[in-house]
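The block underneath contains the structure these notes are about, expressed in structure tokens.
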Amino acid sequence: MRFARLVVPDLLLEELIGHARSLVPGECCGLLAGHITHEVATVSERFPITNDAASATRYATNPRDMLLAFRSMRAHGLELLAIYHSHPTSAPVPSRYDLEANTYGETVVHLIVGLAGAGPEVRAWWLGETGYREAALEVAQI
Ligand SMILES: [Zn+2]
């Protein structure tokens, strides 16, 4: 755990959910970047990433998109805080594949948008090698 709480602006979260909905039945993916102050990570930028897997049950971040996103983060002095993706037909809880595919350890939060219910459900997680636990997520008007 690199920080205690992830704060996401409400408008940015709406755009993120819009991204997830636009790719149904496939999964979306992307990065959230910002700053960490006193254990609070505040998101200020969202970087949509092409899902090279074009799948309903997993995602593979496009290397070119990732390169451009990290270049922009460096240029603007932003830190990678979270990786997001969607679960079009299941709850926003990490899958076994999510755990296996996580190459970031516990340095970033994994935000998952679940679209299986009546409305979108967003939850945040710290992924370990064999398990996961919920991360503190705050949606704020910023
Ligand atoms: Zn997943």
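Less than 5 angstrom separates the built amide H of L127 from those of H110, all sequence-distant by 5 or more or on a different chain. Coupling constants for the stretch 98-111 follow from the phi torsions by the Karplus curve (6.51 cos²θ - 1.76 cosθ + 1.60, θ = phi - 60°), and in residue order they are 4, 5, 5, 8, 6, 9, 9, x, 9, 8, 10, 8, 9, 9 Hz; glycine and proline get x. Helical runs assigned H by DSSP (4 residues or longer) give the chain a calculated mean residue ellipticity at 222 nm of -7000 deg cm²/dmol, each run adding -39500 (n - 2.57) before division by the residue total. Just checking the listed ones, E79, E27, E129: in the Gaussian network model of the chain with Cα springs under 10 Å, the one fluctuating most is E129. So what's the convex hull volume per residue for the Cα atoms of the chain, in Å³? Taking the convex hull of the Cα positions in the chain, it is 98 Å³ per residue.
Normalised by the number of residues in the chain, the mean separation of alpha-carbon contacts (under 8 Å, six or more apart) gives a relative contact order of 28 percent. Here the spin labels are modelled as points 7 Å beyond Cα on the Cα-Cβ line, and at R2 and I36 they lie 0.6 nm apart.
Subtracting the Cα-Cα distance of E79 and A118 from 0.36 nm times their residue separation leaves 10.7 nm of extension gain.
Looking at the stretch 23-104, the pairs of alpha carbons with a distance over 22 Å make up 29% of the total.
Magnitude of the charge dipole for the stretch 1-135, about its Cα centre and with charges confined to Cβ atoms of Lys, Arg (+1) and Asp, Glu (-1), is about 140 debye.
Of the residues Y104, A118, A140, the one whose Cα sits farthest towards the positive end of the charge dipole of the chain is Y104 (charges of +1 on Lys and Arg Cβ, -1 on Asp and Glu Cβ, taken about the Cα centre). Backbone geometry of the stretch 125-142 corresponds, through the Karplus equation with coefficients 6.51, -1.76 and 1.60 at θ = phi - 60°, to 3J(HN,Hα) couplings of 9, 9, 9, x, 6, 10, x, 8, 9, 5, 9, 6, 10, 10, 9, 10, 7, 10 Hz, x marking Gly and Pro.
All of the numbers you see were taken from the coordinates with simple rules; none came from a lab. These figures come from a predicted structure and were not determined experimentally. As a convention, Cβ positions derive from the backbone with ideal geometry for all residues, glycine included, and neighbour counts pool all protein chains shown.
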